[in-house]
Each structure stands twice: as structure tokens, then as C-alpha cells.
Ligand SMILES: [Zn+2]
Ligand SMILES: [Zn+2]
């Protein structure tokens, strides 16, 4: 969505709220199986003494797949998003600066970028997820598997020593 800023762009102290749904087609990630309900982006753009400041939040309920153990789980995502909107981008890279196009700002660009950056981190069902046994594939969150001892390289060395004697 494009937000029109002409009414606040020259008037310090003025602000403009927004609240809309992001297009889920732009939000496809391997670890997200499904979105439950709308993906909402809301907040305000405020003219703070001539600086155009966006403060917003992104809100989504989704069913995810754990990157480590492949279990499905529900996740409520709430992301704070902040950006400074400028009429000219400086030469150096600043990821929090976004260009105002005429008198409008592309909210999708800001919120989709924030979402993508967040999804680049690993998605885990819990922080200390134990994952799957590389040998038998058992979900180790549900308890140890039988082949765990065999798979330990230190024990394999020991076993070889015993066999050689
Ligand atoms: Zn997991
Ligand atoms: Zn195993």
C-alpha cells in the first residue's frame, strides 16, 4: 500500500495513521506453512520537526515448521518496525532510510523488508530444540533414540580399540 503524505510532509507535528493487510503472496517462506488470519501492518508516520518518522508494528499468526526437528507449531509474530522517510537517499547504505516517492511512501517495501529480515533467522519450535537424530531420524525432543550411543564418534573409536585387542 502507498501512503499519501502530502498533508503532513510540510507540517511539523502532524501525523498520519495507517492500518492495512499485507498481501500474503509476497510473504512465502519455507518455514511458514500457513498464515492464520490477516497479516496486519499498522502504525503512524509523524512529521517530527521536519523528519518523517514511521513507527509501526507487524502482526501475524502463522503455522510454522521447525527448521531443526520439522515439527509444526503455531507462532504469533509481533514485530516492531521503525523507519525514517527521506526525500533523498544518502550515498552510504542505511537500512532504516526509505525514499519518499513524490509525496507517497511504499509501506509494502518497509514491512515486507522487515518481515524478510526476521524470517532469515532460523525458525525453531523452541530455543533449545534438540532436532532429529542424523542416524535414525527420531525427534530427540521426545527422548533419546537407541542409536545415539553408536553414533557418538568417541565411542566408535573406543569400540575399534577393543576390537583390535
Ligand atoms: Zn524443533
Ligand atoms: Zn537415532
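Of all the residues in the range 123-146, those that are more than 8 Å from ligand 2 (Cβ to nearest atom), surrounded by 14 or more Cβ atoms within 10 Å (Cβ to Cβ) and part of a loop (DSSP other than H, G, I, E, B) number 6.
Filtering 32, 86, 81 for residues that are touching a helix residue (DSSP H, G or I) at 6+ places or on another chain (Cβ under 9 Å) and closer than 15 Å to residue 110 by Cβ leaves a single hit, 81. Within the range 70-90, residues that are closer than 19 Å to residue 121 by Cα reach partners that are within 16 Å of ligand 2 (Cβ to nearest atom) and in a strand (DSSP E or B) with beta carbons closer than 9 Å, at six or more positions or on different chains, in the pairs 70/132; 70/139; 71/139. Could you check the range 120-139 and list, in sequence order, the residues that are in the same structural domain as residue 57 (by TED's automatic domain parsing) and more than 16 Å from ligand 1 (Cβ to nearest atom)? Correct list: 120 only. If you filter the range 20-35 down to residues that are within 27 Å of residue 86 (Cα to Cα) and touching a residue at least 24 places away in the same chain (Cβ under 8 Å), you find that the one that is farthest from the chain's Cα centre (by Cα) is 20. A single entry from 120, 87, 74 fulfils the requirement of being within 30 Å of residue 38 (Cβ to Cβ), modelled with pLDDT under 95 and away from ligand 2 (no atom under 16 Å from the Cβ): 120.
Evaluate the range 73-85: report whether one residue or more is within 16 Å of ligand 1 (Cβ to nearest atom), in the same structural domain as residue 14 (by TED's automatic domain parsing) and farther than 28 Å from residue 18 by Cβ. The answer is yes; a qualifying residue exists. When residue 29 is tested against the conditions (1) more than 30 Å from residue 88 (Cβ to Cβ); (2) outside any loop (DSSP other than H, G, I, E, B), the lone failure is (2). The single condition among (1) within 16 Å of ligand 2 (Cβ to nearest atom); (2) in a helix (DSSP H, G or I) that residue 109 does not satisfy is (1).
The values are calculated or read from the model by the stated rules, or taken from the named source; none is laboratory data. Since the model is a prediction, treat every value here as computed from it, not as a measurement. Here Cβ is always computed from backbone atoms with ideal geometry, including for glycine, and neighbour counts include all displayed protein chains.
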